[in-house]
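What follows is one structure encoded as structure tokens, with my remarks underneath.
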Amino acid sequence: VVIFDGLDELFDPESRERVAQRIAAFAVEHPRARIIATSRIIGYRRKILTDAGFAHFTLQDLDEQQVGTFADRWYSLALSDRPEEVTARRERIMRAFRESPSIRQLAGNPMLLTIMAIIGKNQELPRERWKLYDHAASVLTHHWDVERHLKNKNLAAPFIGEEEKKEMLRRLAFKMQGGEGGLSGNHIYQDDLQKEFESYLSDRFGQSPADATTIARAMIDQFRERNFILSLYGANLYGFVHRAFLEYFCATAFVNKFEKSKEITLEELKRDVYGAHYMDRSWHEVLRLICGMIDEKFAGEIITYLTDEVNRPWPERFSDNLPWNISLAAQCLNEVRNLSTVAEPARSVLNAICSLLDHTVMTEWALDGFIREQIVPVAEAIGTNWPQREVLAGWLSKYQLPVNMTYYTSAPGRFVALVGGGNGELYQVLLELAKHGGEETRCILPFTLAEGWHEESRTLPTLRHLILEDSSTFVRRMAVRALAEHFGDDAGTLPLLYELAQQSTIDVARAAALKALGDHFRDDSRVLTLIQDRAVNDESPSADAPNSEYYVRERALEALAEHWPLHPDTLPLLRERAKNDPTQWLREKAERLAEEVREKLGQG
């Protein structure tokens, strides 16, 4: 096994691309070698290694169960002499994980989770991310003992305490973000690092050049022996032990210059920091942290600036210029502790997102992915605490979307459910739209109601009504999916889907019901029998039907191949359909599915 670790650590894009090409060439020269290359997502371009045959995998954050297991094991070791305290400390971590979206974001990272465990050993965890970073920085700088390395040099530096160390790190992070690689890299050469430390010691404490050099060298020597908050990455190359600390100290540097030393004004902060860097994702964490640290009034002004002034007017098509200002504004809103103080900026963000949802599926699919990946997670974090969420009622009543696209995008309905969920006024609007709204609006209602108003008494009857009575086949499909996913444990769901799959006169409804049965009820023995029967005997599609995805026999064959590939009847049935199905394109598809099943059985 050959491992190329940290492709992202090459902060020059051209160098990174050259190294990726060399890795690809190495793979070609050594075809039997198992090769792993790692990189952070930001700044990584996958084409070179994809073309060389590399498969791509994304490491997922630790989930709640994994965090709990880690906390159990960590505290069992750390408190081996006090086993009775392990459960309480574990619960402290898990309580913070459940109650704070910010903590959940950080706890998914193993290194940051370790630091959280250290902090949680002696105190409650802070809810704000920046405060947690500050505590973590304190833990790491506490072990950075400058005095110990100066004893044999007949020199003392009692003036360097925790705050002074943090100030040096702020200066260092600020210098690094202004360098050639900017925040896309996390490196500084030893000579530059030493000059920065020397400059601080001379400017702040009046140290002579000779003493400043001696102290700076002693401090840097520590990083050769042990990683504290800075680490030796290679010959004469240093960086923060984790990128999170580069971002945190860079953010605190800007906050100090804005709030403490008054070196930059609010207008300069907006224009020269947010306006200049909102498109650069490597800056987003810094920009979010700044909003969490400064006064909420100023954070609100920055959020409004991002939504109302940046990237305006919107282009007819976003293409490569995605609306990062809107996602960043939403993320900055999530950093504000007291959301009631930024009600109007929150309304501006909500209006912008609604406009974006209108814009997305009407113009381009890339924007739908952007909303799912960048906007929906913020809605999950803020949820029903979003101020001014009643704005959604007015937007929904005017919602227009090409109906044939609605089936493929869950973003609008999911966003409404996450932010508006439980709101009585909005619920009444949704119920009214279920009866009298346009087809494009009714299409997003099933998942919106099922996710945001799951426990309300009229939600399940409304879903059933949409399934059985709605005039739109698209609406029926969405309602079937929502029913199976969110009300699968209701006693009436399985019988209804079973009845639909057998008796509905609408092809799309039968197909949707079969897919839902296969996806959610495959442990019921009757379901397999039904799907096998429908794969052969359903009349949809007809012999001359065009290739589409709304046909019953097609859905049934796909379900068998996906959920029952190892069942002894599946491969013979697929082979039989490949020969005898009346529809030519479905015979071809049955052959492809049979080939996939043969491979799973080891017969390929």
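The values are calculated or read from the model by the stated rules, or taken from the named source; none is laboratory data. Given the structure is predicted, the values throughout are model-derived calculations rather than measurements. Neighbour counts are summed over all protein chains in view; Cβ atoms, including those assigned to glycine, are modelled from backbone coordinates with ideal geometry.
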- Query: Can we say R46 is within 30 Å of F26 (Cβ to Cβ) and touching a Phe, Trp or Tyr at 6+ places or on another chain (Cβ under 9 Å)?
  - Reply: yes
- Check A516, A509 and return the single one that is without any contact (Cβ under 8 Å) to a residue 40 or more places away in the chain and either within 27 Å of A482 (Cβ to Cβ) or not acidic (D, E) (or both). A516
- When the range 231-269 is examined, which residues are found to be closer than 23 Å to T114 by Cβ, touching a residue at least 40 places away in the same chain (Cβ under 8 Å) and not in a helix (DSSP H, G or I)? Y233, Y238, G239, F240, V241, H242
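Just need a number here: residues in the range 282-297 that are assigned to a helix (DSSP H, G or I) and within 16 Å of N334 (Cβ to Cβ).
Of the residues in the range 282-297, the ones assigned to a helix (DSSP H, G or I) are 282-293, 296-297.
Imposing the further condition that a residue be within 16 Å of N334 (Cβ to Cβ) reduces the set to 284-293, 296.
Result for the range 282-297: 11.
Only one of these is hydroxyl-bearing (S, T, Y) and within 21 Å of L460 (Cβ to Cβ): S542, S472. Name it.
Details: S542 fails: within 21 Å of L460 (Cβ to Cβ).
Of the residues listed, the single one that is hydroxyl-bearing (S, T, Y) and within 21 Å of L460 (Cβ to Cβ) is S472.
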- Say whether the condition of being over 22 Å from the mean Cα position of the chain (by Cα) and either more than 27 Å from R129 (Cβ to Cβ) or not in a loop (DSSP other than H, G, I, E, B) (or both) is met by at least one residue in the range 60-68. no
- Task: Would you check which residues across the range 299-341 are within 23 Å of the chain's Cα centre (by Cα), β-branched (V, I, T) and not in a helix (DSSP H, G or I) and list them?
- Result: V336
- Note on the structure: When the range 298-315 is checked residue by residue, the ones that are aliphatic (A, V, I, L, M) and either exposed (fewer than 14 other Cβ atoms within 10 Å of the Cβ) or within 20 Å of N338 (Cα to Cα) (or both) are A299, I302, I303, L306
- For residues that are surrounded by fewer than 18 Cβ atoms within 10 Å (Cβ to Cβ), part of a helix (DSSP H, G or I), small (G, A, S) and over 32 Å from the mean Cα position of the chain (by Cα), tally how many sit in the range 162-214. 3
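Where residues in the range 407-461 are among the aromatic types (F, W, Y) and more than 21 Å from G369 (Cα to Cα), which of them is surrounded by the most Cβ atoms within 10 Å (Cβ to Cβ)? Give the steps one after another, and end with the answer.
The first filter runs over the range 407-461 and keeps only residues among the aromatic types (F, W, Y), leaving 407-408, 415, 427, 447, 453.
Filter once more, so that each one left must be more than 21 Å from G369 (Cα to Cα): 427, 453.
Values: Y427: 20, W453: 22.
If we take residues in the range 407-461 being among the aromatic types (F, W, Y) and more than 21 Å from G369 (Cα to Cα), then W453 is surrounded by the most Cβ atoms within 10 Å (Cβ to Cβ).
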- Item | Of residues in the range 550-580 being in contact with a Lys or Arg (Cβ under 6 Å, 6 or more places away or on another chain) and surrounded by fewer than 22 Cβ atoms within 10 Å (Cβ to Cβ), the one farthest from D519 (Cα to Cα) | A578
- Query: Taking the stated definitions as given, is R534 among the basic types (K, R), closer than 24 Å to D569 by Cβ and surrounded by fewer than 19 Cβ atoms within 10 Å (Cβ to Cβ)?
  - Reply: no
- Query: Do any residues in the range 541-552 that are on the phi < 0 side of the Ramachandran plot have Cβ atoms under 7 Å from those of residues that are among the aromatic types (F, W, Y), where the two are at least six apart or on different chains, and which pairs are they?
  - Reply: P541/Y551; A545/Y551; N547/W585
- Task: Might you let me know whether the range 556-569 holds any residue that is modelled with pLDDT of 95 or more, in a helix (DSSP H, G or I) and over 27 Å from L500 (Cβ atoms)?
- Result: no
- Query: Looking at this structure, is A590 within 37 Å of the chain's Cα centre (by Cα) and in a helix (DSSP H, G or I)?
  - Reply: yes
- Which of the helices (runs of 4 or more DSSP H) contained wholly in the range 457-542 include at least 2 residues that are of a type in the set (G, A, S)? 473-486, 507-520, 525-537
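Residues checked against (1) modelled with pLDDT of 90 or more; (2) over 20 Å from E451 (Cβ atoms); (3) touching a Lys or Arg at 6+ places or on another chain (Cβ under 6 Å):
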{"site": "L357", "(1), (2), (3)": "no, no, no"}
{"site": "I371", "(1), (2), (3)": "no, no, no"}
{"site": "T384", "(1), (2), (3)": "yes, no, no"}
{"site": "Q388", "(1), (2), (3)": "yes, yes, yes"}
{"site": "L392", "(1), (2), (3)": "yes, no, no"}
{"site": "L396", "(1), (2), (3)": "no, no, no"}
{"site": "Y399", "(1), (2), (3)": "no, no, no"}
- Message: Looking at R73 and the list (1) surrounded by 11 or more Cβ atoms within 10 Å (Cβ to Cβ); (2) under 30 Å from A96 (Cα atoms); (3) modelled with pLDDT under 90, which single condition is not satisfied?
- Response: (3)
